[in-house]
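Coordinate-derived values only; no laboratory data. What you see is a predicted model, and the numbers here were worked out from it, not measured in a lab. Note that each Cβ is placed from the backbone with ideal geometry, even for glycine, and that neighbours are counted across all protein chains shown.
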Amino acid sequence: MPGNNFDLEKGVYQAYKKDFQNGVVTVGNICNANCFFCSQKWNPPGVVQDLKRFLTIEEIGHFSRRYLKKVACVGSALHVNSGEFFFHPQALEILSMLAPLRNLNGVLVFTNGKILTEKHARLFKKFGLTPSLSLSSADYISQNIAARGNYFNRSAFGNSLSLLQKYKVDYSIWIVPSKTAFESGKLQKIINSLINWGVKTIIMHRPGYTRFTPKMVAEELSIADASLLDFVAKNQKRGKADIVFEVPEIQELLLQLHFAVRQLLKMKRIANKKKLFLCPVPIEKKLSLVLSTLKIENYKIQSVKAEVFGGNVDCAGLLLIKDYITAIDQFFNSHHAWVPEVMILPQRSFDINLEDLSMTPARTLEEKYTTPVILA
């Protein structure tokens, strides 16, 4: 790479560059956990960029100084496979290096919470970082949790919770539930234990899997959204912790869509044009309802399937340009007489550089179809 003296392939360098440009501080894909739901565990080579080692602190300093304008989160990733941030042998030095460069107050730092020490907790407090601990990553906990709810007292995870509470660090717990844990009642025992421990914020992540995930694992991740929403609602009524399911309820989603479309229609240059809305499959009917309610005219909707990743990952964030091309071609094949003058896509499919996860720019669609593209 021009201006880069590190031992990084061009694609890998570009991927880390993009992540740091998006405010995502990621340090490599080495991990100390073996999460059954981890997509990068099952993805074949080339789906996303993979370094297969940690970045050196010199490389991280290079990306930070050159590309990092604002820190959005630490320990996650967009364009590369990501491991456990605190498994990096110089994790604390990396945070100390970042602090003078960029404000870290309130920044989320993702970790499986298995190896946190007093030094980590003190640093979180000093810089105002907000750790988000993945309980699912500590798989032995979900397998062995005691019915009476005190298993955390004997675990490394429990030690991490104690340290965070000792130093009055704001934190959250996030869980990717398995079907077995959900149906057996073990998930409820885990929630009860966390509440008894004094945890205030629990985030229930929607279990997702790709077409590369083995069938047995995919089955363990197949829980209906409605069931998890009901589970969260029942626990919320207890009022002892803020328990959130990341998929919004229907009414909330309709309000979000309603607001987004109204903001979109303020753009006079598209008001009277033929509009083709492209959206993920799950919101097609809801988007149609919103457009009808707002009495929008001269439009059509084309749903887009996540053909590249497959599985049940039907959110806009994992739709790639390849998926949009497939959907647009399908639309043109069935609508010969109706030609859109503008195509409207979810902003969520693209990063700050207006590129998808494969680093393909949104303008590719404009160039291919000679039709203006608007991200909403």
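Its DSSP H runs of at least 4 residues, each contributing -39,500 (n - 2.57), put the calculated 222 nm mean residue ellipticity of the chain at -11500 deg cm²/dmol, to the nearest 500. The ranking of Ser349, Ser96, Ser172 from fewest to most other beta carbons within 10 Å of each one's beta carbon is Ser96, Ser172, Ser349. For the chain, the relative contact order works out to 12 percent when only alpha carbon pairs closer than 8 Å and six or more residues apart are counted.
Taking a point 7 Å out from the Cα of Gln330 in the direction of its Cβ, the residues of the stretch 275-317 whose backbone N falls within less than 15 Å of it are 277-285, 301-316.
Kindly work out what percent of the DSSP beta bridges joining two residues of the chain are antiparallel, to the nearest 5. Around 5 percent of the beta bridges assigned by DSSP in the chain are antiparallel ones. Think of each Lys and Arg Cβ as +1 and each Asp and Glu Cβ as -1; about the Cα centre, that makes the dipole of the stretch 10-245 roughly 460 debye. Multiplying the residue separation of Gln251 and Asn272 by 0.36 nm and removing their Cα-Cα distance gives an extension gain of 4.7 nm. Here the calculated FRET efficiency for Lys295 and Met216, from their Cβ-Cβ distance with R0 = 51 Å, stands at 0.55, rounded to the nearest 0.05. Taking the fewest neighbouring Cβ atoms within 10 Å as the starting point, the ordered list for Thr326, Thr213 is Thr326, Thr213. Compactness of the chain, taken as the C-alpha radius of gyration over 2.2 N^0.38 Å, stands at 1.06. Here Lys41 is the anchor, and the aspartates and glutamates within straight C-alpha reach of less than 13 Å, apart from those fewer than 8 places off in the same chain, are Asp50. Taking the number of Cβ atoms within 10 Å of each Cβ as an exposure proxy, the fewest-first ranking of His336, His79 is His336, His79. Cut-off 19 Å, label point 7 angstrom out along Cα-to-Cβ of Tyr167: give me the residues of the stretch 64-94 whose amide nitrogen falls inside. In the stretch 64-94, the label zone of Tyr167 (backbone N under 19 Å from the point 7 Å along Cα→Cβ) covers 73-76, 84-94.
Across the stretch 334-357, the residues whose backbone nitrogen lies under 20 Å from the label position 7 Å along the beta-carbon direction of Lys10 are 355-357.
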